[in-house]
Amino acid sequence: MKILLKMKYLKLFLAVSAAVFACTAASGQSKSFKLGQWVEIQNSILKELNRSYVDSLPVDRIMRTGVDAMLDNLDPYTIYIPEEENEDLQMMLSKTYGGIGAIIYKKKEENVVINEPYKDSPAYKNGLVCGDEIIAINGEPTKGLEAAQSSDKMKGKPGTTVVFKVKKLRSGDTLDVPIVRERIHIPDVEYVGMLDDTTGYIKQNGFTDNVSNDVKSGYMKLKAAGMKRLVLDLRGNGGGLMPEAINIVSLFVPKGSLVVTAKGKDPQSYKEYKTTAEPVDTTIPIIVMVDSGSASSSEIVAGAIQDLDRGTIIGERTFGKGLVQTIRPVVYNGQLKVTTAKYYTPSGRCVQAIDYSHRNEDGSVGHIPDSLTHEFKTLHGRSVRDGGGITPDIKIEAPVYSRLVYSLVLSGVVDNYVLKFVREHDSIPALDQFHFTDEDFEDFIGFAKTQDFDYRSGAKTLFDQMKKELEADGLKDAMNQELDALGKALDMDKEKFIRLKKDEIIPFIEEEIAVRYYYQEAGIQVRLRYDKQLKEALAVPADKLVAYN
């Protein structure tokens, strides 16, 4: 009897143990069960499609579309990069590529035109200038090629040679120009200069490798020129490498200062990033210019400078991208740029927008009610709030351009006119004396009138859309008289509208012309002439700026 009882309890113990083990195993597998299920479903569907679909199956296309759609459902920044696009990844991380160093202009039915050679690039050193036509690349005619196809043929491994058949702008001669490709680097620090006797200015466009060294070099140059305050312009800077942002902050705050904290799903992803280098200057007044295009690493810099009370943030609310991406290798030499954490400013604010519903048309964070945000304190006790992006200490709105100006630029009217101008002018005055004159503007009007572009005002565009909606609703005929009257009031011919927007148009043309003769820095110098937002920031009284250490 005792033996039977022992056997009974042993069986019960084994049964309970087996159940516990099964539950534990199921718990361990639950995380991957759904994944395995969907992988099996996907494979089953693909096999059936391959067996029975009426046409040959475009496997590469549909699988890439599926991968992209899957990642797009997570966030806008997690992306797959196959082996053949690794060059694009390098361009994204370092802004470098193998090529000749020139921006081209291309219509499919015409030759490639050199639009803007970079200074000291292979194109520059081999005498290519704005307006030169490239008839053929390595013997292949460029007529009929798309712009991207032409660009791809111009790029290649540094050290290799590409031969262009070129029709020269000035002489009209046609000759072969062999050019050895080089590693082209597009610098993130676009301009360094003095705005006046005491104000230094650094325009930074990205956060790729070693940009912090370029910012440091720019600072030292400006300091030697007598700088007493610094403007770091991050407007339109979409970000990049987080370590470079930390390095830039480290130039201006004490060693050991907290710059940013990363927190992810994995507890091991929590990490505080502090400055590790001795600063170059902890007292110079700093103004950081930002706008809705300032994102990611730009927001790390602006957030740290604000939270540490090291400078004044001026402009518009930043984009609101507080997500950290990591590059992970995947099979067949591909790369996965995956979001692994969110980052937080020194005060504890998450820069990432609360959700994607509070977004403007450009993707930047929109209005977030204070009731949905939380208050944080800067190093000196000032109140700042989260909710997405960095709210500037002093808000100054950027200028809003009319629909006509965007149309003139995006349709290529300005580019085509500038090419015409370059063909007709061997040179222009020195940059500080160059201005697009009234006579020049009359010439532009004459040219623009011959071009095909959408010159409707924003109001006229909305009016045309309203007429379509009324027609769809069956109400257009009943309102014809009123619509005709409003339409006539909104109608404006090309010339009249262009004249009306003269003050908006001239800075764009002037900048593009300056670049063609004096290269990239000249464009920034012209832009600074008309930068009302920056001028308003420089006029802020010192007692309104954030106190610095």
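The values are calculated or read from the model by the stated rules, or taken from the named source; none is laboratory data. Here the structure is a predicted model, which is why all the values come from computation and not from measurement. A quick note on method: Cβ atoms are made from the backbone with ideal geometry, for glycine too, and the neighbour counts reach across all protein chains shown. Surface accessibility is based on the protein's heavy atoms, side chains included, excluding ligands, DNA and RNA. Shrake-Rupley method; radii C 1.70, N 1.55, O 1.52, S 1.80 Å.
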When restricted to R423, R456, the only residue open to solvent by 60 Å² or more (accessible area, probe 1.4 Å) and in a loop (DSSP other than H, G, I, E, B) is R456
Looking at region 396-420 only, could you name the residues that are touching a residue at least 60 places away in the same chain (Cβ under 8 Å), more than 24 Å from V113 (Cβ to Cβ) and either open to solvent by 30 Å² or more (accessible area, probe 1.4 Å) or part of a loop (DSSP other than H, G, I, E, B) (or both)? I396, E397, A398, P399, Y401, S402
Looking at the structure I just gave you, is K321 outside any helix (DSSP H, G or I) and touching a Gly at 6+ places or on another chain (Cβ under 8 Å)? yes
Go through (1) open to solvent by less than 80 Å² (accessible area, probe 1.4 Å); (2) at pLDDT 50 or above; (3) not hydroxyl-bearing (S, T, Y) for A15 and report which single condition fails. (2)
Hey, does region 121-130 have a residue that's more than 23 Å from the chain's Cα centre (by Cα) and open to solvent by 70 Å² or more (accessible area, probe 1.4 Å)? yes
Give region 308-328 a look and list any residue that's within 25 Å of M92 (Cβ to Cβ), touching a helix residue (DSSP H, G or I) at 6+ places or on another chain (Cβ under 8 Å) and of a type in the set (K, R), or say none. K321
Among the candidates V301, V280, single out the residue that is part of a loop (DSSP other than H, G, I, E, B) and closer than 19 Å to N213 by Cβ. V280
Test: residue in region 70-80 that is without any contact (Cβ under 8 Å) to a residue 60 or more places away in the chain, open to solvent by less than 60 Å² (accessible area, probe 1.4 Å) and of a type in the set (V, I, T): no
Among residues belonging to region 142-173 that are modelled with pLDDT under 95, under 15 Å from N111 (Cβ atoms) and among the hydrophobic types (A, V, I, L, M, F, W, C), point out the one that is surrounded by the fewest Cβ atoms within 10 Å (Cβ to Cβ). A147
Let me confirm something: among D196, D214, which residue is open to solvent by 10 Å² or more (accessible area, probe 1.4 Å), of a type outside the set (F, W, Y) and in contact with a Leu (Cβ under 9 Å, 6 or more places away or on another chain)? D196
Failed condition for F252, given (1) assigned to a loop (DSSP other than H, G, I, E, B); (2) on the phi < 0 side of the Ramachandran plot; (3) in contact with a strand residue (DSSP E or B) (Cβ under 6 Å, 6 or more places away or on another chain): (3)
Looking only at region 309-335, count how many residues are surrounded by fewer than 24 Cβ atoms within 10 Å (Cβ to Cβ), hydrophobic (A, V, I, L, M, F, W, C) and out of contact with any Lys or Arg (no Cβ under 9 Å at 6 or more places or on another chain). 2
Could you list, ordered by first residue, the pairs with Cβ atoms under 6 Å in which the first is in region 196-209 and more than 12 Å from G240 (Cα to Cα) and the second is assigned to a loop (DSSP other than H, G, I, E, B) and open to solvent by less than 20 Å² (accessible area, probe 1.4 Å), at least 6 apart or interchain? G200/M227
If you take the residues of region 359-386 that are under 29 Å from I327 (Cβ atoms) and surrounded by 15 or more Cβ atoms within 10 Å (Cβ to Cβ), which of them is modelled with the highest pLDDT? D386
From the residues in region 152-195 that are out of contact with any strand residue (DSSP E or B) (no Cβ under 8 Å at 6 or more places or on another chain) and without any contact (Cβ under 8 Å) to a residue 12 or more places away in the chain, which one is nearest to G99 (Cα to Cα)? D152
Please state which of the following conditions M91 fails to meet, knowing it meets all the rest: (1) touching a residue at least 60 places away in the same chain (Cβ under 8 Å); (2) under 30 Å from A123 (Cβ atoms). (1)
D393 vs. criteria at pLDDT 90 or above, surrounded by 15 or more Cβ atoms within 10 Å (Cβ to Cβ), in contact with a His (Cβ under 8 Å, 6 or more places away or on another chain) and not polar (S, T, N, Q): no
Going by what's in this entry, would T339 be described as open to solvent by 10 Å² or more (accessible area, probe 1.4 Å), in contact with an Asp or Glu (Cβ under 8 Å, 6 or more places away or on another chain) and β-branched (V, I, T)? yes
Lone unmet requirement of (1) surrounded by fewer than 17 Cβ atoms within 10 Å (Cβ to Cβ); (2) touching a helix residue (DSSP H, G or I) at 6+ places or on another chain (Cβ under 7 Å) for I186: (2)
Among residues of region 106-117 being within 29 Å of the chain's Cα centre (by Cα) and open to solvent by 50 Å² or more (accessible area, probe 1.4 Å), the residue farthest from K420 (Cα to Cα) is K108
